[in-house]
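Written out below as structure tokens is the structure these notes cover.
Please treat every number below as a calculation from the coordinates, not as lab data. Values in this document were obtained by computation on a predicted structure and should not be read as measured data. FYI the Cβ positions are ideal-geometry reconstructions off the backbone, even for glycines, and counts take in every protein chain you see.
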Amino acid sequence: MQQIATLLFVLCAGMGLSVEAGLLGPLGEQVGHLSATLSIFLVGGLLLTLAMVFIGRPPLTTLFQQPRWLLTGGLLGPIYVVVLTLTTPIVGVGMTMVGILCGQIGASLIIDHFGLLGSERRAIDGYRLLALALIFLALWLIY
Amino acid sequence: MMLTLVFPLLLLGGAVLAAQSSVNGRLGAKVGVLASAWLTFVIGAVVTFLLVFFFEPAHSATLFSVPKWQLTGALFGVVYMLAIVFAVPRVGTAAATVAVISGQLIMSLLVDHFGWLDNDRLPLDPSRLAAIVLLAGALFLIYLSNARRERQTASA
């Protein structure tokens, strides 16, 4: 039950992400795609900084006691943006989205299967393979 | 020909997103959801600032001159990051990824259908409706996979 609620919450967050992409595309045309991305990270980072000051209960020092590779999440997002700006003019938006989604879903299944990056192991089983097939079918129908 | 060069790059672009979810989720489980999301945005801002500073070609408009509503996308990005950091340790990377992607695709189909955000209207046809059903099915299957795993660990 709690799982379903979590998944629905994430689904709604994903819907928001589409709205973000809808705003970001035209903005990028006007000011450049890197600048548009900067606006997301900058505004988001500043808002979260305020949130940290007022509602965070950080022993912030614990953050820097973690292994350093755990702190690199912020380096990965910009890689995605650079790939996006490089490839969209070459192969178009549709192909770019399909490629990104394939990489994203494939990697997430592999990370779970082997328990990589410190995550719990969740092996690939029949359900997951079938889910993968349904997603590919859906992508094929959309694009 | 071009595609064989570009496609591995695209797969890499997607793979780093999944890796990011996983790393952030792990960090969030240790130091808290808010701190993990905060660090991601701050580092992301630092890196993209450097990229803009050195690599962005000049444009006639700047972030300071465009209408302010165009800068509100970050609100959605923040909610997304908090949701991911919260969800990954609880449901796993794949389930969280599939949920996000389903939400994105369903919303983009709705945006097309109603022509929101100044987009051209592109009505839902049967194949797009079928795609929504398939995505919901995929999400449910991942849920079943997780549920079975929990039963097994409970009985073990």
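Take A:MET95, A:MET1, B:MET81 and order them by how many other Cβ atoms sit within 10 Å, fewest up front. Walk me through the numbers before you get to the answer.
On the way: A:MET95 17, A:MET1 5, B:MET81 27.
Exposure proxy ranking, most exposed first: A:MET1, A:MET95, B:MET81.
Once each part is reduced to its C-alpha centroid, what is the distance from the stretch B:37-96 to the stretch A:84-140 in angstrom?
Value for the Cα centre distance between the two parts: 21 Å.
Where does the charge balance sit around A:ASP125 when Lys and Arg score +1, Asp and Glu -1, over other residues with C-beta under 11 Å from its C-beta? Walk me through the numbers before you get to the answer.
Numbers: positive: A:ARG122, A:ARG128, B:ARG148, B:ARG149; negative: A:ASP112.
Residues close to A:ASP125 contribute a combined charge of +3.
Could you put B:PHE55, B:PHE41, A:PHE136 in order, starting from the residue whose Cβ has the fewest other Cβ atoms within 10 Å?
Numbers: B:PHE55 11, B:PHE41 26, A:PHE136 16.
Neighbour counts put them in this order, fewest first: B:PHE55, A:PHE136, B:PHE41.
May I ask you to sort A:LEU117, B:LEU27 by Cβ crowding, counting other Cβ atoms within 10 Å and putting the fewest first?
Working: A:LEU117 19, B:LEU27 28.
By the 10 Å Cβ count, ascending, the order reads A:LEU117, B:LEU27.
Of the listed peptides B:139-148, B:67-76, what is their order by residue-averaged count of other C-beta atoms within 10 Å, with the highest listed first?
Details: B:139-148: 19.8, B:67-76: 15.8.
Highest to lowest by the protection proxy: B:139-148, B:67-76.
Counting partner chain Cβ atoms within 10 Å of every residue's Cβ in B:120-130, what's the average? Could the numbers behind the result be given before it?
Details: counts 0, 0, 0, 0, 0, 1, 1, 4, 3, 1, 4.
Across the residues of B:120-130, the mean count of other-chain Cβ atoms within 10 Å is 1.
When Cβ neighbours within 10 Å are restricted to other protein chains, what is their mean count per residue of peptide B:106-116? Mind showing how you got there, number by number?
Numbers: counts 5, 10, 8, 2, 2, 5, 1, 0, 0, 0, 2.
For peptide B:106-116, the averaged partner shielding equals 3.
Return the Cα extents of the stretch B:2-155 along principal axes one, two and three, sorted largest first, each rounded to a whole Å.
Reported extents, whole Å, longest axis first: 63, 45, 36.
Looking only at other chains, what is the average number of their beta-carbon atoms within 10 angstrom of each beta-carbon in A:80-86? It would help to have the intermediate numbers written out before the result.
Details: counts 7, 5, 6, 9, 2, 3, 4.
Mean number of neighbouring Cβ atoms from other chains: 5.
For the protein assembly as shown, what is the calculated [θ] at 222 nm in deg cm²/dmol (nearest 500), taking -39500 (n - 2.57) for each run of four or more DSSP H residues and dividing by its residue count? Before the final figure, lay out each step's value.
On the way: 9 runs with 235 residues, N = 299.
After summing the helix terms and dividing by the residues of the protein assembly as shown, the value is -28000 deg cm²/dmol.
How high is the relative contact order of chain A, given as a whole-number percent (alpha carbon pairs under 8 Å, six or more residues apart)?
Numbers: 40 pairs, mean separation 15.1, N = 143.
Across chain A, relative contact order equals 11 percent.
For the stretch A:1-117, what is one quarter of the convex hull surface built on the Cα atoms, given in nm²?
Details: hull surface 39.2 nm².
If I average the Cα hull's projected area over directions, I get 9.8 nm².
How far is the Cα center of the stretch A:1-64 from the Cα center of the stretch B:119-139, in Å?
For the stretch A:1-64 versus the stretch B:119-139, the Cα centre distance is 26 Å.
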